[in-house]
Every structure is written in structure tokens, then in C-alpha cells.
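Just below is one structure, and these are the notes that go with it.
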Amino acid sequence: MTEQAFIRKALSAALLLLAACGSKPPAARPPNFIILWCDNLGYGDIEPFGSNLHRTPNLNRMAREGRRFTDFYSTSGVCTPSRASLMTGAYPQRIGMAYNERDQHVLRPISPYGLNPDEVTVAEALKQQGYATGILGKWHLGDQLEFLPTRQGFDYYWGVPYSDDMTQEQGQRIALRGGKTMDADRWPPLPLMENETVIEAPTDRNTLTKREAEHAVAFIEKHRDEPFFLFVSHAMPGSTPTPFSSETFRGKSQNGPWGDAVEELDWAAGQILDKLVELGLAENTLVIWTSDNGAPINREPGNLARGSNLPLYGPGYSTAEGGQRIPMIAWMPGTIPAGTTEQELASTLDILPTFVHMASGKPPSDRKLDGYDIRPLLVGEPGAKSPYEAFLYFDREQLQAVRSGPWKLFLPLDHFERHPHFKPGDGGKPLLFNLVEDVGSTHDVAAEHPDIVERLTELAERGRRDIANNQRPRGRVEHPEPRVMP
């Protein structure tokens, strides 16, 4: 037998062995996807984005081995709308998930509303490509059976169906203040669910991050031989004034409960990255680490007990940069260039089209999407530019600002909806900022650039009209029931 014949025979035998074991050669497998998504964690809360208060060695490693995105956005300053966009690639206003009279800006327990099952989620799109799909942690897109993750493309769900502060005790306090429209007097103990069953109530919030990490590692182990999509939707630092953490981290940071929670989230990321390396999956797995919106922050300067959005201006729950511009790190050794920074604008709208294209699929073409395939930005293609001509900032259903290139324009509105700490100007004139030269939004240059004000005003109006003319309804059920122990 010649040497070449021997090599061919050995290669054929190896391929047959791999097929018999039910595994594909690594090069033939589409990439795995993991999203590590924090709740209310601010732009300045981690070391790769400037924190000198919280210790985040695993995120430092992620940035060192991956790519930081400095101009990455959520579509909302609050939970439900931002998650709806991540799942669907559409602005929440387009799919009816920005506001409703019963729940207001985020869904509450026992809501009749949720993400419409007719929407195509990133999980459903990847399932069509043969992916195993799982979500761990906070859902917050509807707690009725029709709206749960298991009905929206996820094979496995373990977590809480809404914010961790939406407890039975909180419901009773709201009811005493007259919150009858939210059925607050019927809120159940905070449910922890596995698939469609409540397995713990009230949920032990102290151990949520720890258990989310443990379930993530187990999911990766279980699906190591097939392509998978895992959404780790952490409940922390969360919406409560005092975040929760496990005993290992409690009281160990320099910033009280908020810092403890951030440092445990960093540990959780390390557990997941280490497991990917151990199983030889790192080079075939794209990991995205980010947050749903900015930190609530305290009003007192220098008080970081509720997070930091520095050097950005403004709090979470607003259309200020601090409300919607979020830290993002992308990691995929060998594909994502190590130790690099991307300053082009991108957003959570881009997750669905990017993942589906990388999986050799096609995003749904029968509906309007607002996101783009940003793989050129992820992999650092020379000359790659943001695909956005305009990015829109909404509060509930009110368009308040628009960004194009380095410019952000606050529109001249008669009133501003739901801005507890943030009211740009007097609302009667446009405000223009160059976010590249003025990251803190400190110097209004509208009077100096009337042409840019005019151009961005037109972009805003064009975006408003497009969404108004291409809307889809939220989901609704007739008789919602609380999620309780069987």
C-alpha cells in the first residue's frame, strides 16, 4: 500500500468512526451561540469598560481574547421591550411590546399580554437549522403558558418568568397603593420554573446566579455533540434596590450588594468559558456578553450602590446614553480578533439576523425586521461600517431621539414620557451631541449644525412612519392565571 493510499484509508476510517459516534467533524459543524445577558448592569460596571471598583477578571479575559463593542445599544431602557427586540430583531414598538395600559412599560405577573407566538424568535430560527435551544434565568415576555419560552422556540427553560422584584409582597404593596389594574393583589410568590412547571416558590434569589451558571455548564455538556443556542438571561443585578448573591460572594466586593452581584456574574461567565475550553468547543462557539439596559444609578454623585453608566450621561429607564448604551464583549477564539475594539454602532436587534446567517440559514422574510447581519464587525473585516443609517430611541411609544454616525439628536417634544431623573433641556428645542467627541453628552451643538439637525429630524420622521405603517400585534389571552406550584 502506498503512503497516499494509507493516508486516505486512515482518514476514511476516522470519518466513519466519528459518524458512528454521532458526532460531526468540528469543521463541518455550524457554530454554537451563547448569550450572557445581565439585568440592569451599567456601561461602567465592569473593568473592560472602565470600572475600578468591581473585580471582573473573567470579563477582562474575555475582552483580552475577544472584541469590545463600545457603541452597542439596547432598544429600550427597560426590561420587557429590550428582551422582545433581542428575541425578534424588531423594535418593540413594531411588535406591540413597548407599552400597554394594563402593565405600562414592562409586563407584570398574571398579565394577559406577551410576545405574540406568531413572531419568529432567534430560538425558533435556529431550531430550523437543527440547533438545540435553551434559556436560563429571566424571561419577562409573558408568564402565561402561551407565551413561555417553551412555546417560543426553546427546548429547555429554567428560571423566573419576570423580574425578581415582582414578588407577592411587592404585589401587596402595589395593591395597597391602588394598583388594582395590575391584579397586584393576586401576584403569587416568585415562581422558579422548569419548562412549564413551577418547581420552587418563592424562589431563592440568593442562589440564582450560581444555579444559572451550573445549569449552563450542564446544558453545554449535554449538547456538546450538536449545535446549540444557549441564552443565559441572568436575573442580577436586577431591579431590587438590594441585589442578591450567593454566600461565596456576599459582602466580598467594595461596592456592597451591587458589587457582590456583579462579581458573581463575572464568576458565572468564567465557569461557562472554562467549560467551552475544556470540551474543545471554544473555537466553534460565539459568546456575546451584554446587558438588557443601563443601570438605575443613584442621584448622589459618586454613589455607585445602584451601578454606574460612566462615562455616559443619564440613568437606566431612559433614552439617555446611560439608559440604552450597554457594554458588549464578543468572544470566539480564532474568529473574533483578540484584544480588539469595535466603535461602530450595533445593537441587540442584530442578534437574530447575525446568528441565523452564521448558521447558514435565512432570517424570516415575511415580516419587517430592524436588525442586520453584523458578522463583518464581529470578525473585524477591514473597512466594515455600521449598517445603521439611523438608530431610534423610544420611551414607551414616544420617539425621543435618533442617532446617525457620531450624532445623536433629541427631538423637540412638548412632553417627555416617564423620565424620573432625566429631562434633556426644556423639551421645546432639539439637542444635538457628537457622541464620539463628547461621550458624556455635555455640549449641545444644535445651533452650530442646523444641517445635521435637519437631516436627523428627517431620519427620525422616516423611522416613525415606517414603524407606524408596519406594526404587528402583541399576544393576548382571555383569562390569565398566576404561575403557582402544582
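Accessible area of Arg151, 1.4 Å probe, to the nearest 10 Å²?
100
What is the sum of charges around Thr340, taking Lys and Arg as +1, Asp and Glu as -1, for the other residues whose C-beta is under 13 Å from the C-beta of Thr340?
Taking every other residue near Thr340 into account, the sum is -1.
In debye, nearest 20, what is the charge dipole magnitude of segment 246-405 about its Cα centre with +1 on Lys and Arg Cβ and -1 on Asp and Glu Cβ, if you could check?
280
Got a sec? What order do Lys368, Lys362 fall in by accessible area at 1.4 Å, biggest, i.e. largest, first?
Lys362, Lys368
Pull up the DSSP beta bridges for the chain and report the antiparallel fraction as a percent, rounded to 5.
The answer is about 50 percent antiparallel.
Between Ile336, Pro311, Leu352, whose Cα lies farthest towards the positive end of the dipole of segment 309-378 when Lys and Arg beta carbons carry +1 and Asp and Glu beta carbons carry -1, centred on the Cα centre?
Farthest towards the positive pole: Leu352.
Can you tell me the dipole magnitude for the chain around its Cα centre, using point charges on the Cβ only (Lys, Arg +1; Asp, Glu -1), in Debye to the nearest 20?
Here the size comes out at about 480 debye.
Net charge around Val439, counting only other residues with Cβ within less than 12 Å of its Cβ (Lys, Arg = +1; Asp, Glu = -1)?
Taking every Cβ under 12 Å from that of Val439, the sum is -2.
Over segment 208-264, average the accessible area per residue using a 1.4 Å probe and give it in Å², no decimals.
Heavy-atom SASA per residue in segment 208-264 reads 36 Å².
Between Arg367 and Ala468, 0.36 nm times their residue separation minus their Cα-Cα distance comes to what?
34.9 nm
Positive end of the dipole of the chain, charges at C-beta (+1 Lys, Arg; -1 Asp, Glu), about the Cα centre: which of Asn293, Thr70, Pro363 has its Cα farthest in that direction?
Pro363
Suppose we keep just the DSSP beta bridges with both residues in segment 104-255; what percent of those would be antiparallel, to 5?
Of the beta bridges lying entirely in segment 104-255, close to 35 percent run antiparallel.
Show the residues, 5+ positions off or on another chain, whose built amide H is closer than 5 Å to the amide H of Asp45.
Ser308
For Trp187, list long-range residues whose amide hydrogen, built 1.01 Å from N in the peptide plane, is under 5 Å from its own amide hydrogen.
none
Top to bottom by accessible area (1.4 Å), largest first, where do Asp451, Asp183, Asp292 land?
The ranking, largest first, comes out as Asp451, Asp183, Asp292.
Normalised by the residues of the chain, what does the relative contact order come to in percent, with Cα pairs under 8 Å and at least six apart?
Answer for the chain is 25 percent.
Report Phe49's accessible area, 1.4 Å probe, all protein chains in place, as a number in Å² to the nearest 10.
Phe49 has an accessible surface of roughly 10 Å² with all protein chains in place.
With a 1.4 Å probe and every protein chain left in place, work out the accessible area per residue of segment 434-475 in Å², rounded to a whole number.
Normalised by residue count, the accessible surface of segment 434-475 is 62 Å².
Accessible area, 1.4 Å probe, largest first: how do Glu278, Glu146 sort?
Result, largest first: Glu278, Glu146.
Given a 1.4 Å probe and every protein chain left where it sits, what share in percent of the accessible area of the chain is carbon and sulfur?
51
Provide the FRET efficiency to the nearest 0.05 for the Thr181-Val277 pair, computing r from the beta carbons and using R0 = 51 Å.
0.55
Work out the FRET efficiency for Glu200 and Glu169 from their Cβ-Cβ distance, taking R0 = 22 Å, and round it to the nearest 0.05.
Once the sixth-power term is evaluated, E becomes 0.85.
Given points 7 Å out from each Cα along the Cα-Cβ axis, report the Gln129 to Glu226 separation in nanometres with one decimal.
1.6
Can you list the residues of segment 177-207 with backbone N under 11 Å from a point 7 Å past the Cα of Val484, pointing along Cα to Cβ?
Answer for this model: 186-189.
Report the label-to-label distance for Arg64 and Ala28 in nanometres (one decimal), using points 7 Å from each Cα along the Cα→Cβ vector.
Spacing of the two 7 Å Cα→Cβ label points: 3.7 nm.
Once ligands and nucleic acids are excluded and a 1.4 Å probe is used, how much of His357 is accessible, expressed in Å² to the nearest 10?
Result for His357: roughly 80 Å² accessible.
At 0.36 nm per residue, and after removing the present C-alpha to C-alpha distance, how many nm does the segment from Thr340 to Val477 gain when stretched out fully?
Length gained between Thr340 and Val477: 44.6 nm.
Using each residue's phi in segment 223-240, evaluate 6.51 cos²θ - 1.76 cosθ + 1.60 at θ = phi - 60° and report the 3J(HN,Hα) Karplus result to the nearest Hz, with x for Gly and Pro.
Along segment 223-240, the couplings run 10, 4, 9, 8, x, 9, 10, 10, 10, 9, 9, 4, 7, 10, x, x, 9, 6 Hz.
The values are calculated or read from the model by the stated rules, or taken from the named source; none is laboratory data. From a predicted model like this one, the values you see are computed outputs, not experimental measurements. Because the Cβ atoms are built from the backbone with ideal geometry, glycine has one as well, and the counts that use them run over all protein chains shown. Ligands, DNA and RNA are excluded from the accessible area calculation, which covers all protein heavy atoms including side chains. Shrake-Rupley method; radii C 1.70, N 1.55, O 1.52, S 1.80 Å.
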